[in-house]
Amino acid sequence: MIKVCILDYGSGNVSSVYNLVNYLNFKCKISNNIEVLKKSTHIILPGVGAFGASMRKIKQKIPLKVLEEEVLIKKKPFLGICVGMQLLADKSEEFGKHKGLGWIKGSVKKIKSNKLPHIGWNNVAIKKKDQIFDDLISLNDFYFVNSFFFDLKDKKLVIGETKYSHNFCSVLKKKNIIGVQFHPEKSQKSGQILIKNFLKMK
């Protein structure tokens, strides 16, 4: 049975992600409890707001050693959403210099545009075929709110790109780890399909 743990660290979009997973009839909990983490089959890290503030909250509220064991050693499927994806990086340049989780090599940089934030519906161009894109007829139906992007060191991990002034990584995959820069919980039917695809991962 699929059991989803939506990591609870005070992010503003946690309840929206919960509502979507619950609507899709999957068992899920918003939690930072060690036992819930260990019993989960899939883990989601939502995120809105600034990188530095989010990282501080995670260090305070999430049992990182347990999380890393479940994701990096036991290889449970993991989804980072928006800032939740950016936190996987080594570091960020958003409002100063901040260290990230360091799970994926790279840094978070500002989008090169005079019109920020990048907000609204935008396309995702598939760079590499993957099950996360299964049954998605159109890839121009995802909702973004971001001024920064994840500049990955290993470009082979970029499986989806979006253009806003320049191309940036909007979907990444490293083994059991998926990251999306957009908000599936605000992306209507496309977001529902993407979350279903993630929850099919083993």
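The values are calculated or read from the model by the stated rules, or taken from the named source; none is laboratory data. These numbers come from a predicted model, not from an experiment. All Cβ positions, even for glycine, are placed from backbone atoms using ideal geometry, and neighbour counts span all protein chains on display. What goes into the accessible areas is simple: the full protein's heavy atoms, side chains included, and nothing from ligands, DNA or RNA. Shrake-Rupley method; radii C 1.70, N 1.55, O 1.52, S 1.80 Å.
Summary of values
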| read-out | value |
| --- | --- |
| When each of LYS97/LYS128; LYS153/LYS200; LYS91/LYS163; LYS57/LYS97; LYS105/LYS202 is checked by Cα-Cα distance, pairs over 21 Å | LYS97/LYS128; LYS153/LYS200; LYS91/LYS163; LYS105/LYS202 |
| Mean Cβ neighbour count within 10 Å, used as a protection proxy, ranking 171-183, 131-143 highest first | 171-183, 131-143 |
| Choice from GLY96, GLY84, GLY191 showing the highest fluctuation, given a GNM over the chain with Cα pairs closer than 10 Å | GLY96 |
| Accessible solvent surface per residue of the chain, calculated while the other protein chains remain in place, 1.4 angstrom probe, Å² | 49 |
| Trypsin sites (Lys or Arg not before Pro) lying in DSSP loop within segment 62-92, provided at most 11 other Cβ fall within 10 Å | LYS74 |
| Accessible area (Å², 1.4 Å probe, nearest 10) - ASP90 | 50 |
| Computed [θ] at 222 nm, helices only, for the chain once each DSSP H run of length n ≥ 4 contributes -39500 (n - 2.57) | -6500 deg cm²/dmol |
| Antiparallel content of DSSP bridges confined to the chain, in %, to 5 | 60 |
| Euclidean distance of C-alpha centroids, segment 155-192 and segment 92-128, integer Å | 11 |
| Per-peptide average of other Cβ atoms within 10 Å, ordering 114-122, 151-159, 192-200 highest first | 192-200, 151-159, 114-122 |
| Where labels lie 7 Å past Cα in the beta-carbon direction, separation of LYS75 and LYS110 in nm | 4.1 |
| Cα centre as origin, Lys/Arg/Asp/Glu Cβ charges: the chain dipole, Debye | 480 |
| Accessible-area composition of the chain, carbon plus sulfur, in percent [1.4 Å probe] | 50 |
